[in-house]
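Worksheet: one structure, shown below.
The values are calculated or read from the model by the stated rules, or taken from the named source; none is laboratory data. Fair warning: this is a prediction, and the values are worked out from it, not measured in the lab. Counting neighbours? That spans all protein chains shown, and the Cβs are built from the backbone with ideal geometry, glycine included.
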Amino acid sequence: MAEQTGIEWTDATWNPVTGCTKISPGCKNCYAERLSVRLQAMGNPRYQDGFRVTLHPDLLTLPLRWRQPKRIFVNSMSDLFHEAISEDFISQIFEVMARADWHVFQVLTKRTERLASLAPRLPWAPNIWQGVSVETARYTSRIDHLRTVPAAVRFLSIEPLLGPIPNLLLDDIDWVIVGGESGPGRRPMAAAWARDIRDQCVRARVPFFFKQWGGRTPKAAGRVLDRRTWDEMPTPLASAHMVS
């Protein structure tokens, strides 16, 4: 469950929870669900229940054994704020992240109401970055929930980008990732949608990361936007978002 990854904006994945359920259009062609089915068929014991939400307490302390500093995507195969995951288990994950302060942990959720509800009771350390997924303009309310969270870095994962998102309010947002969909049933991303978000980030001086155009595979169409790659990352020091 400690894996190197091809995800361009992180170094490794850590999955103390696997499995999820769909809640919005961005979930339709979930890569984690497809991978879970494949791993189940291969006999991987972590996925004996397929994509059903499953806790793996034995993996909780895994990052403490990684001595080389990494950017770690937390629950790439789940959603940490899924309603089937207890607050106690979420708190244990946050405590491990705080202890492993030589790493940066990147948490991403679509369940932003629960995130906002639990946030005041969680131990937010400076090495914990919190992001939310926003696939269309219909789901920009998730950004408002994110603004209430005292994370060192607040970021948006706009992937898969399924429509234009004009007037994207980027106040108190530190980073934006954009990408198109890949795999079976993929839905196309218009170049104008990606360019508009890029331009909004440039105007707001928010780092912009263009992950992929999408296609048959994640890398099929490359990740060059207007003759260059966009690999901007946040560079937090002592974040103004953190509360003492």
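Of all residues in segment 40-62, those satisfying the criterion of being in contact with a strand residue (DSSP E or B) (Cβ under 9 Å, 6 or more places away or on another chain) and among the hydroxyl-bearing types (Ser, Thr, Tyr) are 47, 54.
Against the list (1) touching a residue at least 60 places away in the same chain (Cβ under 8 Å); (2) touching a helix residue (DSSP H, G or I) at 6+ places or on another chain (Cβ under 7 Å); (3) over 28 Å from residue 86 (Cα atoms), the condition residue 164 fails is (1). The conditions of being at pLDDT below 95 and either exposed (fewer than 15 other Cβ atoms within 10 Å of the Cβ) or in contact with a Gly (Cβ under 8 Å, 6 or more places away or on another chain) (or both) are not met by residue 229.
Residues in segment 110-137 that are basic (Lys, Arg) and without any contact (Cβ under 8 Å) to a residue 60 or more places away in the chain were compared, and the one that is nearest to residue 187 (Cα to Cα) is 114. The test for being buried (at least 20 other Cβ atoms within 10 Å of the Cβ) and either basic (Lys, Arg) or in contact with a helix residue (DSSP H, G or I) (Cβ under 9 Å, 6 or more places away or on another chain) (or both) does not hold for residue 141.
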